Amino acid sequence: MRYKMFDRAHLQVNFSASESFQCGKGSLLSRSMTSMDYTKGYRYCTEKSGGMTQRLRKKPLYGWEIAIACVLLLCLSTCLHAAVPAKTPKECIKNMLDKVIAIQTDKGLQGRKFIQKRRRAIKLVIKKNFDSCTMAKNALGGMWQKLNRQQRKKFTDVFRSLFLDSYTSMVLNFLGKENVRYTKEKYSPQKAMVQTVIVRPDGQIPVEYLLKPAKDRWLVYDVVIDGVSIVKNYQRSFLRVIKKRSFKTLLEKMEIQAKINKETDKEQGN
């Protein structure tokens, strides 16, 4: 089900009554008592006196007032358009899984002879649909705040490499001709959740995708498989190494593993 998040047709900008100004002779009025017609370039002022409402003479708007109003409306319109991805979270997940399954079931890519070609294609799909930067940050928990910019970049790069290799292998081994049911979708402008069930001959596996908006689409920042979060699993493993040794040791271990993966791919023609 597609949820309606914004109603652009009824966008309103309200001014507070905290600022006062002079309008007409001897009349001190607040903005809440003033109506502004920007299309005609005039301000109409009203004041209440003795239970009667009087309309005072119209006064031209200042150029800077019109300019500020136009800029505000333009910024608000731009933000609203940028904040709403073109597809719903469910559509993004379905599009990603459909592509992966199409690769896995492609008759021209069957057999071990084409496994590396399938791996490359699947890895590209995953790379385009996952927010590896957010995943890297969350995988370190509070440790992330203690790192400088260079350390964060280095960790994110090696994390991305290891995650793509690991998740691609899992997809190659466990997702093929299985039927995927989409059971629940829930989202707000800031985050989303899509619940699915992978139906296999030997049982069902619940898989939950957590997403965040990015330009015109949604990106996955965690996957919960049968109740186990991939990111939290990484976090427990990483923090254990940091606690026993250091962040430097963790990074060195990750770089060694990434190098081994790269050499293996090269040998297999990936």
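The values are calculated or read from the model by the stated rules, or taken from the named source; none is laboratory data. Bear in mind the structure is a predicted one, so any value in this text is a computation, not a measurement. Note that we place each Cβ from the backbone using ideal geometry, even for glycine, and neighbour counts take in every protein chain shown.
Quick grid of which residues meet (1) more than 23 Å from the chain's Cα centre (by Cα); (2) in the same structural domain as Met254 (by TED's automatic domain parsing); (3) closer than 26 Å to Asp265 by Cβ; (4) exposed (fewer than 13 other Cβ atoms within 10 Å of the Cβ):
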residue	(1), (2), (3), (4)
Met135	no, yes, yes, no
Lys146	yes, yes, no, yes
Asp157	no, yes, yes, no
Arg160	no, yes, yes, no
Asn173	yes, yes, yes, yes
Lys184	no, yes, no, yes
Ser188	no, yes, no, yes
Lys191	no, yes, no, no
Asp202	yes, yes, no, yes
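Restricting to region 257-270, and then to whatever is modelled with pLDDT of 85 or more and more than 31 Å from the chain's Cα centre (by Cα), can you tell me which residue is farthest from Arg152 (Cα to Cα)? Spell out how you get there, then give the answer.
Here is the first cut: in region 257-270, the residues modelled with pLDDT of 85 or more are 257-263.
Now drop any that are not more than 31 Å from the chain's Cα centre (by Cα), which leaves 260, 263.
Details: Ile260: 22, Glu263: 24 Å.
Selected residue: Glu263.
If Val223 satisfies every condition in (1) surrounded by 13 or more Cβ atoms within 10 Å (Cβ to Cβ); (2) over 16 Å from Lys137 (Cα atoms); (3) touching a strand residue (DSSP E or B) at 6+ places or on another chain (Cβ under 8 Å) but one, which is the exception?
Going through the list (1) surrounded by 13 or more Cβ atoms within 10 Å (Cβ to Cβ); (2) over 16 Å from Lys137 (Cα atoms); (3) touching a strand residue (DSSP E or B) at 6+ places or on another chain (Cβ under 8 Å), Val223 breaks only (2).
Could you check how many residues of region 74-126 are surrounded by 18 or more Cβ atoms within 10 Å (Cβ to Cβ), at pLDDT below 90 and touching a Leu at 6+ places or on another chain (Cβ under 7 Å)?
0
Counting only residues that are among the acidic types (Asp, Glu) and either out of contact with any helix residue (DSSP H, G or I) (no Cβ under 8 Å at 6 or more places or on another chain) or not assigned by TED's automatic domain parsing to the domain that holds Asn95 (or both), how many does region 211-264 have? Quick ask: steps written out before the conclusion?
Start the filter on region 211-264 by keeping residues that are among the acidic types (Asp, Glu), which leaves 216, 222, 226, 252, 255, 263.
If we keep only those that are either out of contact with any helix residue (DSSP H, G or I) (no Cβ under 8 Å at 6 or more places or on another chain) or not assigned by TED's automatic domain parsing to the domain that holds Asn95 (or both) as well, we get 216, 226, 252, 263.
Residues in region 211-264 being among the acidic types (Asp, Glu) and either out of contact with any helix residue (DSSP H, G or I) (no Cβ under 8 Å at 6 or more places or on another chain) or not assigned by TED's automatic domain parsing to the domain that holds Asn95 (or both): 4 in total.
Identify, by number, the condition in (1) among the acidic types (Asp, Glu); (2) in contact (Cβ under 8 Å) with a residue 24 or more places away in the chain; (3) in contact with a strand residue (DSSP E or B) (Cβ under 7 Å, 6 or more places away or on another chain) that Asp216 doesn't meet.
(3)
Could you tell me whether Met143 is modelled with pLDDT of 95 or more, under 30 Å from Arg245 (Cα atoms) and touching a Leu at 6+ places or on another chain (Cβ under 9 Å)?
Numbers: modelled with pLDDT of 95 or more: yes; under 30 Å from Arg245 (Cα atoms): yes; touching a Leu at 6+ places or on another chain (Cβ under 9 Å): yes.
In short, yes.
Checking Ser229 against (1) touching a residue at least 60 places away in the same chain (Cβ under 8 Å); (2) under 15 Å from Ser132 (Cα atoms): exactly one of these is not met. Which one?
(1)
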